[in-house]
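Here the structure is laid out as structure tokens; the discussion comes afterwards.
The values are calculated or read from the model by the stated rules, or taken from the named source; none is laboratory data. Worth saying up front: this structure is predicted, and the values here are computed from it rather than measured. Here the Cβ is made from the backbone with ideal geometry for all residues, glycine too, and neighbour counts use every protein chain on show.
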Amino acid sequence: MSLLVVGSLAFDTIETPSGRREEELGGSAVYFSLAASVFGPVRLVGPVGEDFPLALVEGWRARGIDAAGLEVVRGGRTFRWSGRYAGDMNAAETLRTELNVLGTFRPKVPAAFRDSAFVFLANTHPATQASVLSQVDRPRFVLADTMNLWIETERPALLDLLRRVDGLLLNDGEARMLAGERNLIAAGRAILRLGPKWVIVKKGEHGSFLFSADHFYALPAYPAERVVDPTGAGDTFAGGLMGSLARDGAADLGSLKRGMLHGTVTASFTVERFGTGGIAAVDAAAADGRHREFLRFVSP
Ligand code: AMP
């Protein structure tokens, strides 16, 4: 079934214990699309400036990424983000954000994308995320991402959004902050009461949790020994998860569990290289091989 992502396209400057890279291709919609396209076609909506190399879009098309929703802003400059990872590298320290075209982004979902069945609202202002919902007809499953900035500064808009989505994806620190709960299990349960039927909490190298009213599911991370750059791991996880759901054409408990397995495996490729290099090199066969290996790790 059809899958839509609305999010950022970026040039990232990244510092990790493995080194530093400037102006790496990044952005939530890019990582998401590269991961989801391992499982099936993806529709992308997001803004870029005139500095964005449109030749990339040709390669994406070959991979099943339909960039008809790419908005090239005349005279605009693409979003820039710069961050640093230290210690266990579970959270980025944002050094600089240059919003540029993302600052004025009002998503326009092309007519041909309005029938999208699965929708991922990547991390942007919650009102911007909500504006996408009024432009899609009757999506089967909507998953939203968010971040500490919106939890702190745009809480009412975020709470409005949470009443309108099926699932919320966030990391452990964000879940604790949103729920006002130290205990992560209590935090997950508290977020369910804010509206979403499903809450997925990412815990970096410690894996992920799935919460619903009746179920709880936990998965470890893939045991990656060489973590070069975690940038985009969360969006790659989301891409693998949603790509798998769209391929299943379902969003029930079993599909979500399977999707989390795929999300975990695709994210493990992203962290092995700087930027999108890891996930861009993955095809269905590579993902399938590591998926089988991961299944052996988690089966009794
Ligand atoms: P992740 O590591 O999966 O949370 O996502 C990292 C990606 O998100 C990077 O490629 C950044 O360009 C992008 N990003 C960082 N901050 C923002 C923001 N405020 N809005 C949209 N995208 C962002």
Fill in: Condition met for residue 44 (crowded, with 22+ Cβ neighbours inside 10 Å, under 19 Å from the mean Cα position of the chain (by Cα), under 26 Å from residue 160 (Cβ atoms) and more than 13 Å from the ligand (Cβ to nearest atom))
yes
Going through the stretch 248-300 in order, the residues found to be hydroxyl-bearing (Ser, Thr, Tyr) and either in contact with a strand residue (DSSP E or B) (Cβ under 6 Å, 6 or more places away or on another chain) or surrounded by 20 or more Cβ atoms within 10 Å (Cβ to Cβ) (or both) are 264, 266, 268, 270, 276
### Query
Going by the conditions given, is residue 273 among the charged types (D, E, K, R) and at pLDDT 95 or above?
yes
Checked against (1) surrounded by fewer than 17 Cβ atoms within 10 Å (Cβ to Cβ); (2) modelled with pLDDT under 95; (3) under 30 Å from residue 141 (Cβ atoms), residue 63 satisfies every condition except (2)
Residue hits (the stretch 141-161; away from the ligand (no atom under 16 Å from the Cβ) and touching a strand residue (DSSP E or B) at 6+ places or on another chain (Cβ under 6 Å)) are 141, 142
Residue 272 fails exactly one of (1) more than 19 Å from the chain's Cα centre (by Cα); (2) of a type in the set (D, E, K, R); (3) under 25 Å from residue 24 (Cβ atoms), namely (1)
On the given criteria, is residue 209 more than 16 Å from the ligand (Cβ to nearest atom), among the aromatic types (Phe, Trp, Tyr) and under 25 Å from residue 124 (Cα atoms)? yes
Check your understanding: Residue check: is residue 111 within 15 Å of the ligand (Cβ to nearest atom) and not polar (S, T, N, Q)?
Key -> no
Picking from 196, 223, the residue that is at negative phi, in contact (Cβ under 8 Å) with a residue 60 or more places away in the chain and more than 16 Å from the ligand (Cβ to nearest atom) would be 223
Of those in the stretch 79-100 that are more than 14 Å from residue 228 (Cα to Cα) and among the polar types (S, T, N, Q), the residue farthest from the ligand (Cβ to nearest atom) is 100
Note: among 53, 17, just one is more than 16 Å from the chain's Cα centre (by Cα), touching a residue at least 40 places away in the same chain (Cβ under 8 Å) and away from the ligand (no atom under 15 Å from the Cβ), namely 17
Conditions (1) of a type outside the set (A, V, I, L, M, F, W, C); (2) assigned to a strand (DSSP E or B); (3) closer than 17 Å to residue 279 by Cα -> residue 33 fails only (2)
Looking for something in contact (Cβ under 8 Å) with a residue 60 or more places away in the chain, near the ligand (Cβ under 9 Å from one of its atoms) and in contact with a helix residue (DSSP H, G or I) (Cβ under 7 Å, 6 or more places away or on another chain) - is there at least one such residue anywhere in the stretch 58-78? no
